[in-house]
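The values are calculated or read from the model by the stated rules, or taken from the named source; none is laboratory data. Given the structure is predicted, the values throughout are model-derived calculations rather than measurements. With ideal geometry, Cβ positions are generated from the backbone for all residues, glycine too; neighbour counts draw on all protein chains shown. Just the protein is used for accessible areas: all its heavy atoms, side chains included, with ligands, DNA and RNA removed. Shrake-Rupley method; radii C 1.70, N 1.55, O 1.52, S 1.80 Å.
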Amino acid sequence: IRVEYSTSVLSVTAGEIFAYDVKVINEGSSAIGNATATVDLPDVVRYVRDTLGCGEALTDCALGSLGPGESRIFQVLVQIDESAFGSAVLSSTVTASADTDSGTVTAMARALVILNAEEPFFLPLISK
């Protein structure tokens, strides 16, 4: 089993909406069953929706059975928290697992985006 995980952007700002793309591939020579994927989002990233119907928890998203060479693809739409500020590398992971004839196999992948959100700047109002 192999997982590919990527984002639709390289850099994000507060309030921005973007997508994570997940692809789980059976690289084995026999079918795998009960395949699932779990997506772990950074704290400042808020779930909007996904194309697999996982729901906000993004835990144990059912992928079903995969034949040799077969893959499942889904997308997770997210939004950076409006109050996020500063510069940081945001790391998100996806872990996939499936049952094989010889046991359970697991794979993990990581996707990175750069948060480029300036701290709010306020000017005092001075009147004469």
Using θ = phi - 60° and the Karplus form 6.51 cos²θ - 1.76 cosθ + 1.60, what ³J(HN,Hα) does each residue of the range 96-105 get, whole Hz, x for Gly and Pro?
10, 9, 7, 8, 10, 4, 9, x, 8, 10
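Of the heavy-atom accessible surface of the chain (probe 1.4 angstrom), what whole percent is carbon and sulfur?
Details: 3860 of 7510 Å².
That fraction is 51 percent.
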For ASP40, ASP99, what's the largest-to-smallest order of accessible area, 1.4 Å probe?
ASP40, ASP99
With a/c under 1.5 counting as rounded, go ahead and sort the chain into rounded, prolate or oblate using the C-alpha gyration tensor (a ≥ b ≥ c being the square roots of the eigenvalues; past the cut-off, prolate if a/b is larger than b/c, else oblate).
prolate
GLU82-GLU27 FRET efficiency (beta carbon distance; Förster radius 41 Å; 0.05 resolution)
0.50
Using a 7 Å offset from the Cα along the Cα-to-Cβ direction at both ASP99 and GLU56, what is the distance between the two label points in nm, to one decimal?
3.1
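When only Cα pairs under 8 Å and 6 or more residues apart are kept, what is the percent relative contact order across the chain?
35
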Solvent accessible area, Å² - ARG49, 1.4 Å probe, full protein context:
140
Zone of ILE73's modelled label, taken as backbone nitrogen in the range 1-34 under 17 Å from a point 7 Å along Cα→Cβ:
2-9, 19-27
Need the full-extension length gain, TYR47 to SER8, defined as separation in residues times 0.36 nm minus the C-alpha distance. One decimal, nm.
12.5 nm
Can you list the HN-Hα couplings for the range 56-65, worked out from phi with the Karplus curve (6.51, -1.76, 1.60; θ = phi - 60°), rounded to whole Hz and with x for Gly and Pro?
4, 5, 6, 10, 6, 5, 6, 10, x, 9
Per residue, how much accessible area does the chain have with a 1.4 Å probe, in Å²?
59
Return the single residue from VAL76, VAL45, VAL89 with maximal mean-square fluctuation; model: Gaussian network over the chain, springs between Cα atoms under 10 Å.
VAL89
